[in-house]
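The next block holds one structure in the form of structure tokens; read it before the comments.
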Amino acid sequence: MRVFGLERVNKKFHFQKNKYSDGFTTEPPECKMTQQGGEYLGTNEVTHAGLPCRPWGNSWKPPEIPDCCGSGFPDEEVDGNHNLCRNPNGEAAPWCYSEENGQEFCAVPFCAVKFEEGDGLYPECRLKEKGKEYVGTKNETETGRPCLPWDSQSHREPWGFSNSSEIAYKDHFLNRDLSIHKNYCRNPGFHRERPWCFVSDPNVQWEYCDVPFCRDLDPPECKLTGKGGEYVGRRSVTISGFPCMHWLSIKTTMSVPLFKYFLSASPDEVDGSHNFCRSIGLGTHGPWCFSSLPTGPRIEYCDVPFCPESDGKLCDIRVSGKCISSRECRTTPKGLEYMGTKSTTKSGYPCQPWMSNTPNNQELKAHYSSNFGASFPDDLHPSHNFCRNPTSDPKGPWCYNGAGKKPSTDYCDIPFC
């Protein structure tokens, strides 16, 4: 394989020499500058699981995979024995085929980038270079133009957004919810450098916003919104204590929909070492991750609480992220509206937190059933184990048994108002 000189790499891929180690002179760096890593020219030839990559040009290759040396590869003058990790078809990260597991991502790290702390106070500042996690309220561009509401979709889908018909416009935004973003500066999509917004001038269409870096760049270990799409903390274990799997190590059949279809709305970028809890795709009530169990990967939420109120107080009951007073009674037989703090059943069993899969596994209901997941009158958080009736049970509020599986559920004694 030909080794590229620095001049060639800089010319074709716009590498910035100061982002790499001092030892980088003639060979491409063993890191990527972008999430998808289409520019990666390193020599990694094993998958994230450590399996050897098969040559791209072999006859075993499925027809939908680009031919070696085609336009999707950044290399030039390579032959059919080329087996290095690449991203010729716009996947979430560099990858290759292994004989044992088929298509897998490779553990290509990000190139180190240094930036200085700013003077902003969270959340009116950005914690990461691209500011994809930003959920502040700035609503004008760096030239002073007012931002347009995101839901107006004034200029359709611009460059940087996926053009896949399988990805809805709203799915490019944190929490996949346009209503909370209004006309605030945000950074949805793949390729923009920092928060931006649409503007009314059709000849300009969009501009960057002047969002400063935070004074403290350590991300808070809490969430501001119910779904927690903005969370970029470093928690990497589930509520039940299981270690999180690396996102790019998930089997392709699971990782492709997560990262090809939902990476645009991720609050940060992902490389081979990233195993932090995040709220992307399937998350309904907060950051989550896959944990590895003998039965296979399992989804579970992580212990990411709401951030304290501005006065430092914690609260048990929130609706749309806002703290409200509890009401310890119900007004209807089903008690769908009940938002009290009762956490023991009629039989005296302690209630299991709704976001936990231990001891009773709630995975399928909590993540995939819209009737269940959307039927809580208040926001869920890791310690939320209060009696509720998300299934509209005629007998009223209930909960899972936090002391065991026999019985798995029990009703609660909630008085009428």
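Each reported figure results from applying straightforward, stated rules to the coordinates on display, with no laboratory input. Keep in mind that this is a model prediction, so the values were computed, not measured. When we count neighbours, we look across all protein chains shown, and the Cβ atoms used for this are built from the backbone with ideal geometry, even at glycine.
So, in nm, how far is label LYS182 from label GLN153 when the simple model puts each one 7 Å beyond its Cα toward the Cβ?
Roughly 2.3 nm, to one decimal.
What's the exposure ranking of TYR338, TYR349, going from fewest to most Cβ atoms within 10 Å? Walk me through the numbers before you get to the answer.
Working: TYR338 25, TYR349 19.
Ascending number of Cβ neighbours within 10 Å: TYR349, TYR338.
Could you line up ARG318, ARG278 from fewest to most neighbouring Cβ atoms inside 10 Å?
Going from sparsest to densest Cβ surroundings: ARG318, ARG278.
What ³J(HN,Hα) values, in whole Hz, does the Karplus curve 6.51 cos²θ - 1.76 cosθ + 1.60 give for segment 337-352 when θ = phi - 60°, with x put for Gly and Pro?
After applying 6.51 cos²θ - 1.76 cosθ + 1.60, I find 8, 4, 9, x, 10, 4, 9, 10, 8, 4, 8, x, 6, x, 6, 7 Hz.
In whole Hz, what ³J(HN,Hα) sequence does segment 378-386 give by Karplus (6.51, -1.76, 1.60; θ = phi - 60°), x for Gly and Pro?
With coefficients 6.51, -1.76 and 1.60, one gets 9, 6, 8, 8, x, 8, 6, 10, 7 Hz.
Among TYR411, TYR40, which comes first, then next, by fewest other beta-carbon atoms within 10 Å?
By the 10 Å Cβ count, ascending: TYR411, TYR40.
Enumerate the amide H contacts of ARG86 below 5 Å, restricted to partners 5 or more residues apart or on another chain; note that Pro and chain-start residues carry no placed amide H.
Counting only residues 5 or more places away or on other chains, the set is TRP95.
Simple spin-label model, 7 Å along Cα-to-Cβ: THR34 to GLU337 in nm?
5.3 nm
Using θ = phi - 60° and the Karplus relation 6.51 cos²θ - 1.76 cosθ + 1.60, list the HN-Hα couplings for segment 231-246 in order, rounded to whole Hz, with x at every Gly or Pro.
5, 10, x, 10, 5, 9, 9, 7, 4, 7, x, 7, x, 7, 6, 5
Along the Cα→Cβ direction, 7 angstrom out, place labels at SER326 and ASP210. What is the inter-label distance in nm?
The answer from the label model is 4.7 nm.
Starting from the Kirkwood Rh over alpha-carbon pairs, what translational D in µm² s⁻¹ does segment 117-217 have by Stokes-Einstein at 10 °C and 1.306 mPa s?
Stokes-Einstein gives a translational diffusion coefficient of 116 µm²/s.
If amide H atoms are built 1.01 Å from N in the plane of the peptide, which residues on other chains or at least 5 residues away come under 5 Å of the amide H of GLN103?
SER98
Quick one: which residues, 5+ away or cross-chain, put their amide H under 5 Å from the amide H of ARG327? H built at 1.01 Å from N.
Hits under the 5 Å cutoff: MET339, GLY340.
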